[in-house]
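Encoded as structure tokens, the structure appears first; notes follow it.
Laboratory data are not the source of any read-out in this text; all were calculated from the coordinates shown. Small disclaimer: the values here were computed from a predicted structure and weren't measured. Cβ sites come from the backbone with ideal geometry, for glycine too, and all protein chains shown count toward neighbours.
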Amino acid sequence: MKLTFRRPDGSHGVHDTDPGTSVMEAAVAHGEDGIVAECGGSLMCATCHVYVDPAFSDLLAPPAEDEAEMLTCTAAERRPTSRLSCQLVLTDDLDGLVVEIPEEQV
Ligand code: FES
């Protein structure tokens, strides 16, 4: 399945990923530098912040309480589409997902 990162410089990274992988894990595996993921996915850092393309918003469950709380700590502006990518686990229906990497993570 395809996962696309829109980078702050306007370029795109399009990667093949497997269901069951988190968007953060895919970013790290494919060298997307804009995803820092300092805490390794344990909801302690907010440096895996992404903006989800609105076309996919309806396919995602809303953030759980602890993710929502950590979303108040993002370095870049928080938007309605903000998510922590370590909490976004890819499923088949998310094939083609597009997320934008914010300008800053720390
Ligand atoms: S990697 Fe730290 S909160 Fe997602």
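Could you list, in sequence order, the residues of region 85-103 that are surrounded by 15 or more Cβ atoms within 10 Å (Cβ to Cβ) and charged (D, E, K, R)?
Glu100
Name every residue in region 61-70 that is within 14 Å of the ligand (Cβ to nearest atom) and outside any helix (DSSP H, G or I), in order of residue number.
Of everything in region 61-70, those that are within 14 Å of the ligand (Cβ to nearest atom) and outside any helix (DSSP H, G or I) turn out to be Pro63, Ala64.
Just name the residue that is nearest to the ligand (Cβ to nearest atom) out of those in region 1-60 that are buried (at least 19 other Cβ atoms within 10 Å of the Cβ) and among the acidic types (Asp, Glu).
Glu25
Testing Ala29 on (1) touching a residue at least 24 places away in the same chain (Cβ under 8 Å); (2) touching a Ser or Thr at 6+ places or on another chain (Cβ under 9 Å), one condition comes back false. Which one is that?
(1)
Quick check on my filter: what residues within region 79-99 are free of Cβ contacts under 8 Å to residues at least 60 places away in the same chain and in contact with a Ser or Thr (Cβ under 7 Å, 6 or more places away or on another chain)?
Thr81, Ser82
Would you mind finding the one in Val50, Val36, Val14 that is out of contact with any Pro (no Cβ under 8 Å at 6 or more places or on another chain) and in contact (Cβ under 8 Å) with a residue 24 or more places away in the chain?
Just one listed residue meets the conditions, Val36.
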